[in-house]
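The values are calculated or read from the model by the stated rules, or taken from the named source; none is laboratory data. No experiment lies behind these values; they were computed from the predicted model shown. Here the Cβ is made from the backbone with ideal geometry for all residues, glycine too, and neighbour counts use every protein chain on show. In case anyone asks, the SASA skips ligands and DNA or RNA and just uses the protein heavy atoms, side chains included. Shrake-Rupley method; radii C 1.70, N 1.55, O 1.52, S 1.80 Å.
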Amino acid sequence: MIDRNLVVEYLEPVLWGRLFKILEILEPAREVAHVLIEEDGYRAFFRGKLYTQGGRAESMEDKFPDADEIRIYTRETIDGFFRAVQGRERYDLDIDVYLQSLYEELAVRMPILSRRKRQGNLWRILEAFSRADRVYNIGILQGTDLYFQCILEFRAGKLIRISTSDRYGQDVFDWEKICENVKKEFQEEAVPIMITLERLQEKYAV
């Protein structure tokens, strides 16, 4: 779905700088508690705070009731994980396949207590886009102003290029002009998608 040779270019700093806000809506970060089991107890990291506990490890679900996911490590499993994910056989994987393989490898080697279901809105959208060779010109408005914009190019079921209106060197915040420029470059493959930030939040926010 995401080509291993993905090209990312012409990112307009202001528009692209708001990507984090869009990802917060589509794919909120999961709060993960990381727990390292030692011979004399455990050390854990959650919400920026380090916890240490000597003696027998207590129930991690009780210790971190607000965590979406609890990952339990030993030094041996950490070493084995990093060796596995750096194997040469993974070098040619597409980006999304590689990321999924990391999570699967993690689950095989380390207990993962998942307390809340993963959403996956972002991946579902990308999968839907990947079904045809298209160039999606996406604009998100806040009021009447362009809040975020990107251009996603798909070929043979894979995302091969990400860029923004900055590729045209002018009219970078003018949605109508952006649509004209994208249409001129990509012709019939261009698909404009416009939504307001408020509507995006209504549709996807938890």
Tilt of helix 175-186 relative to the longest C-alpha principal axis of the chain, in degrees (0 to 90, nearest 10)?
90 degrees
Cα-based Rg and Dmax for segment 107-188, where Dmax is the largest Cα-Cα distance (Å):
17.1, 52
What whole number of Å gives the distance from the Cα centroid of segment 2-36 to the Cα centroid of segment 150-184?
18 Å
Helix-derived [θ] at 222 nm for the chain: sum -39500 (n - 2.57) over DSSP H runs of at least 4, divide by residue count, nearest 500?
-9500 deg cm²/dmol
With x for Gly and Pro, the residue-by-residue ³J(HN,Hα) of segment 8-16, computed from phi through the Karplus equation 6.51 cos²θ - 1.76 cosθ + 1.60 at θ = phi - 60° and given in whole Hz, is 10, 8, 6, 8, 5, x, 6, 5, 5
Can you give the Rg and Dmax of segment 73-119 based on its C-alpha atoms, in angstrom?
11.9, 33
As straight-line cross-link partners of K49, the qualifying aspartates and glutamates (C-alpha separation under 13 Å, not fewer than 8 residues apart within one chain) are E31
For segment 8-69, would you read off the P(r) tail past 18 Å as a percentage of all alpha carbon pairs?
53 percent
Of the accessible area of the chain, with the probe set at 1.4 angstrom, what percent is carbon plus sulfur?
50 percent
Treating the angle as unsigned and between 0 and 90°, give the value, to the nearest 10°, between the Cα long axis of helix 95-109 and the longest Cα principal axis of the chain.
10 degrees
Shape verdict for segment 142-206, please, from the Cα gyration tensor: rounded (a/c under 1.5), prolate (a/b greater than b/c) or oblate.
oblate
Using mean projected area of the Cα convex hull in nm² as the read-out, say which of [x] 11.2; [y] 16.4; [z] 13.8 was calculated from these coordinates.
[z]
Å² per residue, accessible surface of segment 49-206 at 1.4 Å:
61 Å²
Using only C-alpha atoms and all pairs of different ones, pull out the Kirkwood radius for segment 16-131 in Å with one decimal.
16.4 Å
Once the Cβ-Cβ distance between D92 and E127 is put in as r, and R0 is 30 Å, what FRET efficiency do you end up with, to the nearest 0.05?
0.90
J(HN,Hα) series, segment 59-64, from Karplus relation 6.51 cos²θ - 1.76 cosθ + 1.60, nearest Hz, glycine and proline x:
5, 6, 5, 6, 6, 10
Protection-proxy order for peptides 89-95, 35-41, each taking the mean of Cβ atoms within 10 Å per residue, highest first
35-41, 89-95
Which of the lysines could be linked to K158 by a straight reach, that is with a Cα gap under 25 Å, when you skip same-chain ones fewer than 8 residues away?
K21, K183, K184
